[in-house]
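Participant: Provided herewith is a single structure, encoded as structure tokens, for subsequent inquiry.
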Protein chains: 4
Amino acid sequence: MTSHPDGGSVACTLDYTVDSPTEFVFQIAVTTGGAVHADERLTVTVDDAEAEAETIPASHHGGRQHLVRATPGALRVRYTATVRRDAAPPRRVSAPARVQALRPSRYCPSDRMAGFAARRFGGTDAEIVRDVTEFVRGHLRYAPVSDSSTDAADTLLAGAGVCRDYAHLVTALVRASGVPARVAAVYAPGLAPMDFHLVSEVAVDGVWRIVDATGLAPRASMIRIATGRDAADVAFSTLLTGGRLTMTRMEVLAVADGDLPGDDPGEPVSLR
Amino acid sequence: MTSHPDGGSVACTLDYTVDSPTEFVFQIAVTTGGAVHADERLTVTVDDAEAEAETIPASHHGGRQHLVRATPGALRVRYTATVRRDAAPPRRVSAPARVQALRPSRYCPSDRMAGFAARRFGGTDAEIVRDVTEFVRGHLRYAPVSDSSTDAADTLLAGAGVCRDYAHLVTALVRASGVPARVAAVYAPGLAPMDFHLVSEVAVDGVWRIVDATGLAPRASMIRIATGRDAADVAFSTLLTGGRLTMTRMEVLAVADGDLPGDDPGEPVSLR
Amino acid sequence: MTSHPDGGSVACTLDYTVDSPTEFVFQIAVTTGGAVHADERLTVTVDDAEAEAETIPASHHGGRQHLVRATPGALRVRYTATVRRDAAPPRRVSAPARVQALRPSRYCPSDRMAGFAARRFGGTDAEIVRDVTEFVRGHLRYAPVSDSSTDAADTLLAGAGVCRDYAHLVTALVRASGVPARVAAVYAPGLAPMDFHLVSEVAVDGVWRIVDATGLAPRASMIRIATGRDAADVAFSTLLTGGRLTMTRMEVLAVADGDLPGDDPGEPVSLR
Amino acid sequence: MTSHPDGGSVACTLDYTVDSPTEFVFQIAVTTGGAVHADERLTVTVDDAEAEAETIPASHHGGRQHLVRATPGALRVRYTATVRRDAAPPRRVSAPARVQALRPSRYCPSDRMAGFAARRFGGTDAEIVRDVTEFVRGHLRYAPVSDSSTDAADTLLAGAGVCRDYAHLVTALVRASGVPARVAAVYAPGLAPMDFHLVSEVAVDGVWRIVDATGLAPRASMIRIATGRDAADVAFSTLLTGGRLTMTRMEVLAVADGDLPGDDPGEPVSLR
């Protein structure tokens, strides 16, 4: 399971019209460190004048957030990075990360779904992950029926959702079955239409594996932005203080070096 | 599907210690009329003095409720009936009953479960009913994990429940699939331990059929007390006005005339 | 509290493009009987050819529904009525209606809100109704934040809603406080923009009183269409069987005879 | 707001009968570092033979967890500590801690309660905290009506709860009002009956302040065990892998050095 060196290029542009002073946190920079290197550039401007972005650690598992204090005007946040990943064995699951990935969270209330999971899924950790993934792929229809308050239990009842909902339902059911699970926000080369993407990350045999029940992009080419318990932790943009504003444009780009790999859902894939 | 004449004997005793004036509604008398005749007796006493019980129509589909105004003391409600049922074809589903049995209700929020149902169940009405029943029988573990606020969506997540929860989950999923469904509170000869019982009633081919995913008692011998959208309509006892009281004893008895019949879950059974 | 004779004129037109055979139930005709008389006309056409509408009783408290089987084409449902109401004392609250109006329902889960209500509201029934109404008027902001699955507990948390949500929150809190409460769908002269309207109906001193925390139209001029536990019972249109269709137009009209009366929220108003 | 040196003694004993191999995480050790020093001792035994406890960092904000792998038998976990705290200014709120304390969590779904909060609370951060605290103190009745799946929205509806529910409701409403809020599990000298205690911690004027709407113990004497978004993060005991077991005894002790201080709810208190 040692991977080959690979890489890619990513970019995102976010435009807002800001009507009153507003504090944002952005999570759009790739998670670097270990085997992952990025040649990157972040610019924040208000009415074309450069504004400051304070880099702060993400709440979980490495990763960075950028805190921006925007004055009224046309805010533009632009991030570009060229990413290179060395060949490396997958990272081991640490004890605190394992403990945290077993706790219920806002959008993955695994405690409420333990009964459902116990009646449907069992066996080894790998079997549970495989069966949950197949269940979610078969049960959900890809459709924009959810909103920002939809949790995994809602999605199970709705039988439909988008990538966020697929990731939450997989994460919640795997976690409810006693296997550590969390989410990763990623740039996903091959995704169409291109957007930020959310996938699950599950602990099997001591390493983190990526699960994406949508099957919309090859896992091996994904580039990690942020890691967390659910979408509450990894939102690409969070308003810290009120403020009136409108998003006017959002553009995401992700390209893999070389050809896009295939993706066999039965094959474990870990993300450096 | 015309049934043979049959019958049975039922009884129930409810004892309460009432500390302040209290108004109750009891639904413990069998639903009579049409092919169902009862030789019955209801007595209500407070400290052994007879108290009044006002008979009022049940909110749905025939049936009776008894309104009792209890003064402080030892309240005893005792009902006994010998029931005889003539051979008769099952009652047709009326248009208003059909409309009502398609609407979401407190414990059967079928609107919230329409997506789940659509992804799992389909085909003819009879196939939907069969598949929902098998799903609920397989999915639930019989265990007292619910309380009076548990609805069918909670039960789906919990993977466990008692007869009330089985009936609610069947009713909600059938209704969510577009087939009219409601509940019936019944005396159930053969049930062990003996208690009030709740089952589903679904409209297939123009007649009401009984579904009991618990399989705990033969449907043909059940004797209908009350009919409603869910347990909110058919509770055996409801407090109308506050009042301090304790239930000290509850005893239910139901015996079929002759031997208990077998029950083939694949065979449709209608309750007169 | 005996009212003066009054009346009004109402109309509604509903247009649909129906792509496959569809069964509807409409609740748009006014509730007549007792002191209320209507000179009315309902026409249902598909591509201008007359279609049949079967009148069936509404599930609650009088009122009528119309069952329509539509073939593909342009469906138009048009209802007009001239309504005359005799002076009459308000109708007494019957025992079964009282019992039913105390039970929790899909959108008014009063059982879940009993604790909240007990901590906020108390006193006589009239005081509870007054205080709940003032609380809801002050707590909610009129805004279209809800959807068809929103219940009264959701609305309490959201702090906003439309007439349906105001009616559900008043109904749920009054009912949770032990006072019988239900909803009435009405034509509401004076409402702007004109639409179907939903209000609460509460039992105080043995009669039903109208409560409308939105204050958007005078209660005395409202003309009752349907009565029920919550919006699930009184929807103006319900699809009974799937079918593909689009609503293309909806027009509601309601005019009072003579000048619109004022409305003093402190004054009890009963609807015949 | 610089505090005086103080300290205390704490102890807890947890006994379990373990029937099959089980992995636990305990969070019972006090959070040390900075101005807080502990002379402590943790012993874990199975049938009186010493078992291993692996110390791992807590998921948030310092603090430690202990991972225990228990073989079948009588498991006893015993922790004692003498704690000394130097006089020190309260710790500043770091940017990542602030961001995290604004995100919704499992038991404090602040996103769902933003509307309710916006209609009730406003002004400066300090005013919001004061008003939320008073609201929660007045709205809740101290009663064991909740279970492990109860969240802050449930508690608002229920109008009752225990310390966990008070802390969740304060935290959720403060956070929903845009002020960072989290929870702290503490040893609480003066609490009766003695138990683990949960309180809120809110960010006002750049420092963390303790809020305890129960008023059951003086805040200044509390000794921090763990910090997190809600009870999911700070449970004193978590089962990582299934296993059959029974808790047979739980004893918590907390004594302040010197006399217990008074506690003026209007006075800000920070916990080192």
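Participant: For the range A:158-165, indicate whether the set of residues that are in contact with a Phe, Trp or Tyr (Cβ under 6 Å, 6 or more places away or on another chain), buried (at least 18 other Cβ atoms within 10 Å of the Cβ) and not in a helix (DSSP H, G or I) is non-empty. I'd like the intermediate steps shown before the answer.
Facilitator: Going through the range A:158-165, the residues in contact with a Phe, Trp or Tyr (Cβ under 6 Å, 6 or more places away or on another chain) turn out to be A:159.
Now restrict to residues that are buried (at least 18 other Cβ atoms within 10 Å of the Cβ): A:159.
Add one more test, that the residue is not in a helix (DSSP H, G or I), and what stays is A:159.
Yes, because at least one residue in the range A:158-165 is in contact with a Phe, Trp or Tyr (Cβ under 6 Å, 6 or more places away or on another chain), buried (at least 18 other Cβ atoms within 10 Å of the Cβ) and not in a helix (DSSP H, G or I).
Participant: Go through (1) modelled with pLDDT under 95; (2) within 11 Å of chain D (Cβ to nearest Cβ) and name the single condition C:Phe116 misses.
Facilitator: For C:Phe116, the failing item is (1).
Participant: In addition: Within the range D:194-213, track down each residue that is closer than 21 Å to D:Arg141 by Cβ and either assigned to a strand (DSSP E or B) or at pLDDT below 95 (or both).
Facilitator: Hits for the range D:194-213 are D:His197, D:Leu198, D:Val199, D:Ser200, D:Val211.
Participant: Name, by its number, the condition in (1) more than 14 Å from chain D (Cβ to nearest Cβ); (2) in contact with a helix residue (DSSP H, G or I) (Cβ under 8 Å, 6 or more places away or on another chain) that does not hold for C:Ala95.
Facilitator: (2)
Participant: Among the numbered conditions (1) assigned to a loop (DSSP other than H, G, I, E, B); (2) surrounded by 18 or more Cβ atoms within 10 Å (Cβ to Cβ); (3) out of contact with any Phe, Trp or Tyr (no Cβ under 6 Å at 6 or more places or on another chain), tell me where B:Ser20 comes up short.
Facilitator: Only one criterion is unmet by B:Ser20, namely (2).
Participant: May I ask you to list pairs of residues, at least six apart or on different chains, whose Cβ atoms are under 8 Å apart, with the first in the range A:232-245 being on the phi > 0 side of the Ramachandran plot and the second being buried (at least 16 other Cβ atoms within 10 Å of the Cβ)?
Facilitator: Qualifying pairs under 8 Å: A:Gly243/A:Val18; A:Gly243/A:Thr22; A:Gly243/A:Glu23; A:Gly243/A:Ala70.
Participant: Something else: Just for the range D:137-150: of the residues that are more than 9 Å from chain C (Cβ to nearest Cβ) and in contact with a Ser or Thr (Cβ under 9 Å, 6 or more places away or on another chain), which one is nearest to A:Ala176 (Cα to Cα)?
Facilitator: D:Ser146
Participant: Is it true that some residue in the range B:146-153 is of a type in the set (Val, Ile, Thr), in contact with a Lys or Arg (Cβ under 9 Å, 6 or more places away or on another chain) and free of Cβ contacts under 8 Å to residues at least 60 places away in the same chain?
Facilitator: Of the residues in the range B:146-153, the ones of a type in the set (Val, Ile, Thr) are B:150.
Right, trim to in contact with a Lys or Arg (Cβ under 9 Å, 6 or more places away or on another chain) and you get B:150.
Narrowing the set further to residues that are free of Cβ contacts under 8 Å to residues at least 60 places away in the same chain leaves B:150.
Checked the range B:146-153: at least one residue is of a type in the set (Val, Ile, Thr), in contact with a Lys or Arg (Cβ under 9 Å, 6 or more places away or on another chain) and free of Cβ contacts under 8 Å to residues at least 60 places away in the same chain.
Participant: What pairs can you find where one residue is in the range C:178-191 and closer than 12 Å to C:Val204 by Cβ, the other is surrounded by 24 or more Cβ atoms within 10 Å (Cβ to Cβ) and acidic (Asp, Glu), and their Cβ atoms are less than 8 Å apart, with a gap of 6+ or different chains?
Facilitator: If the second residue must be surrounded by 24 or more Cβ atoms within 10 Å (Cβ to Cβ) and acidic (Asp, Glu), the pairs left are C:Ala181/C:Glu201.
Participant: Still on this structure, I have one more. Please count how many residues of the range A:214-252 are farther than 20 Å from A:Arg272 by Cα and in a strand (DSSP E or B).
Facilitator: Counting residues in the range A:214-252 that are farther than 20 Å from A:Arg272 by Cα and in a strand (DSSP E or B) gives 13.
Participant: Filter the range A:71-117 for residues that are among the hydroxyl-bearing types (Ser, Thr, Tyr) and touching a Ser or Thr at 6+ places or on another chain (Cβ under 7 Å) and give the result.
Facilitator: The answer is A:Thr82, A:Ser105.
Participant: I would also like to ask the following. Test C:Val83 against the criterion of being over 21 Å from C:Ile210 (Cβ atoms), outside any loop (DSSP other than H, G, I, E, B) and more than 14 Å from chain B (Cβ to nearest Cβ), and give yes or no.
Facilitator: On the way: over 21 Å from C:Ile210 (Cβ atoms): no; outside any loop (DSSP other than H, G, I, E, B): yes; more than 14 Å from chain B (Cβ to nearest Cβ): yes.
Considered against the rule, which asks whether it is over 21 Å from C:Ile210 (Cβ atoms), outside any loop (DSSP other than H, G, I, E, B) and more than 14 Å from chain B (Cβ to nearest Cβ), C:Val83 comes out as no.
Participant: Counting only residues that are charged (D, E, K, R) and surrounded by fewer than 18 Cβ atoms within 10 Å (Cβ to Cβ), which one in the range A:222-262 is farthest from the other protein chains (Cβ to nearest Cβ)?
Facilitator: By that ranking, first place goes to A:Asp259.
Participant: Taking the range D:119-133, which residues are touching a residue at least 40 places away in the same chain (Cβ under 8 Å) and away from chain C (no Cβ under 12 Å)?
Facilitator: D:Gly122, D:Asp125, D:Ala126, D:Ile128, D:Val129, D:Arg130, D:Val132, D:Thr133, listed by residue number.
Participant: Check the range B:92-113 and report whether any residue there is of a type in the set (Phe, Trp, Tyr), out of contact with any strand residue (DSSP E or B) (no Cβ under 7 Å at 6 or more places or on another chain) and either farther than 22 Å from B:Ser270 by Cβ or in a loop (DSSP other than H, G, I, E, B) (or both).
Facilitator: Start the filter on the range B:92-113 by keeping residues that are of a type in the set (Phe, Trp, Tyr), which leaves B:107.
Adding the requirement that they be out of contact with any strand residue (DSSP E or B) (no Cβ under 7 Å at 6 or more places or on another chain) leaves B:107.
If we keep only those that are either farther than 22 Å from B:Ser270 by Cβ or in a loop (DSSP other than H, G, I, E, B) (or both) as well, we get B:107.
Yes, some residue in the range B:92-113 is of a type in the set (Phe, Trp, Tyr), out of contact with any strand residue (DSSP E or B) (no Cβ under 7 Å at 6 or more places or on another chain) and either farther than 22 Å from B:Ser270 by Cβ or in a loop (DSSP other than H, G, I, E, B) (or both).
Residue-wise test of (1) at the interface with chain A (Cβ under 7 Å from one of its Cβ atoms); (2) over 17 Å from D:Glu40 (Cβ atoms); (3) aromatic (Phe, Trp, Tyr); (4) crowded, with 16+ Cβ neighbours inside 10 Å.
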site	(1), (2), (3), (4)
D:Thr55	no, no, no, no
D:His66	no, no, no, yes
D:Arg69	no, yes, no, yes
D:Pro72	no, yes, no, yes
D:Pro90	no, yes, no, yes
D:Leu102	yes, yes, no, yes
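The values are calculated or read from the model by the stated rules, or taken from the named source; none is laboratory data. Remember, it's a predicted structure, so these values are computed and weren't measured experimentally. Neighbour counts are summed over all protein chains in view; Cβ atoms, including those assigned to glycine, are modelled from backbone coordinates with ideal geometry.
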